[in-house]
1. Would you confirm whether or not the stretch 105-120 contains a residue that is open to solvent by 30 Å² or more (accessible area, probe 1.4 Å), part of a loop (DSSP other than H, G, I, E, B) and at pLDDT 95 or above?
2. Within the stretch 30-46, how many residues turn out to be without any contact (Cβ under 8 Å) to a residue 24 or more places away in the chain and either under 22 Å from residue 108 (Cα atoms) or open to solvent by less than 90 Å² (accessible area, probe 1.4 Å) (or both)?
3. Based on what the data block shows, is residue 90 part of a helix (DSSP H, G or I), open to solvent by 50 Å² or more (accessible area, probe 1.4 Å) and in contact with a helix residue (DSSP H, G or I) (Cβ under 9 Å, 6 or more places away or on another chain)?
4. Given the options 71, 146, name the one that is assigned to a helix (DSSP H, G or I), open to solvent by 40 Å² or more (accessible area, probe 1.4 Å) and modelled with pLDDT under 95.
5. Exactly one of these conditions fails for residue 115: (1) in contact (Cβ under 8 Å) with a residue 12 or more places away in the chain; (2) under 24 Å from residue 181 (Cβ atoms); (3) of a type in the set (D, E, K, R). Give me its number.
6. Go through the residues of the stretch 164-171 one by one and say whether even a single one is at pLDDT below 95, of a type in the set (A, V, I, L, M), surrounded by 14 or more Cβ atoms within 10 Å (Cβ to Cβ) and within 19 Å of residue 76 (Cα to Cα).
Amino acid sequence: MATAKTKQKILSVFLELLEKHPYEDVSLQLIAETAKVKLSDLRRTYPSKLALVESFAESIDAAVLDERDAGMDDQPARDRLFDILMTRIDALAEYKDAVRALKTAADDDPGLALEFNRIAIRSQKWMLVAAGIELSGAKGTVVAQGLVMAFSKVVDTWLDEPDEGMPRTMARLDKELDNGVSFMKRLNRLEGMAKGLRKFIKSASRRGRNRRRARDDDDFAVDIETPMSSEQGA
């Protein structure tokens, strides 16, 4: 098992290579040679390039969670999320060229984009937790997916923004969060409608069963109370 130092070295080499080469050109062989580790050690540590991308995402998640500002806890949820996502942008700043390479690769390869999306959903669920917004089940996944799409647009703006103050990036994040608030209101309405529909269906089903039971009871009563026919009595 590789040491934590070796794991970090391999990940750092991977990100450095992404700054100079397209994702598809950064082979496992190149990573091993540049990091000066055996392929077998690389295999045991990171079995694929996707595992390296996951590790990178997890390291950014951890950095954001460590930098979480507890002083924001009494602020509205939207403001807390804005602060968390800007902290994520700050954590990514050191790896801007690597992020650009990963985004270009995803744009060019739909299959890879799906894999990156899966990783991004997990990260954004943690960003929601960091912002004090914990959603479970299908609703949590839907909201995290929406946040992935919104943050991707923010990253697009950030990658092309030369101003270190990031006014365009912050404006884009503001806009996406406004859209997200509207989306959440619609989602909550739909959720309320779905709950009402499920309650109606359950109630209708129960009434239907009660009617059938009452009809069966009536039929049974008729059967035992019906006198013998004239033919039977003859």
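The values are calculated or read from the model by the stated rules, or taken from the named source; none is laboratory data. It should be emphasised that the depicted structure is a prediction, and the values quoted were computed from it without experimental measurement. As a convention, Cβ positions derive from the backbone with ideal geometry for all residues, glycine included, and neighbour counts pool all protein chains shown. Surface areas here come from the heavy atoms of the whole protein model, side chains and all, with no ligands, DNA or RNA. Shrake-Rupley method; radii C 1.70, N 1.55, O 1.52, S 1.80 Å.
1. yes
2. The first filter runs over the stretch 30-46 and keeps only residues without any contact (Cβ under 8 Å) to a residue 24 or more places away in the chain, leaving 30-34, 36, 38-40, 43.
Going one step further and asking which of them are either under 22 Å from residue 108 (Cα atoms) or open to solvent by less than 90 Å² (accessible area, probe 1.4 Å) (or both), we end up with 30-32, 34, 39-40.
Matching residues across the stretch 30-46 total 6.
3. Working: part of a helix (DSSP H, G or I): yes; open to solvent by 50 Å² or more (accessible area, probe 1.4 Å): yes; in contact with a helix residue (DSSP H, G or I) (Cβ under 9 Å, 6 or more places away or on another chain): yes.
Yes: the conditions hold for residue 90.
4. Numbers: 146 fails: open to solvent by 40 Å² or more (accessible area, probe 1.4 Å).
Selected residue: 71, the only one of 71, 146 that is assigned to a helix (DSSP H, G or I), open to solvent by 40 Å² or more (accessible area, probe 1.4 Å) and modelled with pLDDT under 95.
5. (2) is the only condition that residue 115 fails.
6. Step one: of the stretch 164-171, the residues at pLDDT below 95 are 164-165.
The next check asks that each one be of a type in the set (A, V, I, L, M); those that pass are none.
No, the conditions are met nowhere in the stretch 164-171.
To keep it simple, each residue is scored yes or no on (1) over 30 Å from residue 180 (Cα atoms); (2) not in a helix (DSSP H, G or I).
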site: 7; (1), (2): yes, no
site: 63; (1), (2): no, no
site: 75; (1), (2): no, yes
site: 80; (1), (2): no, no
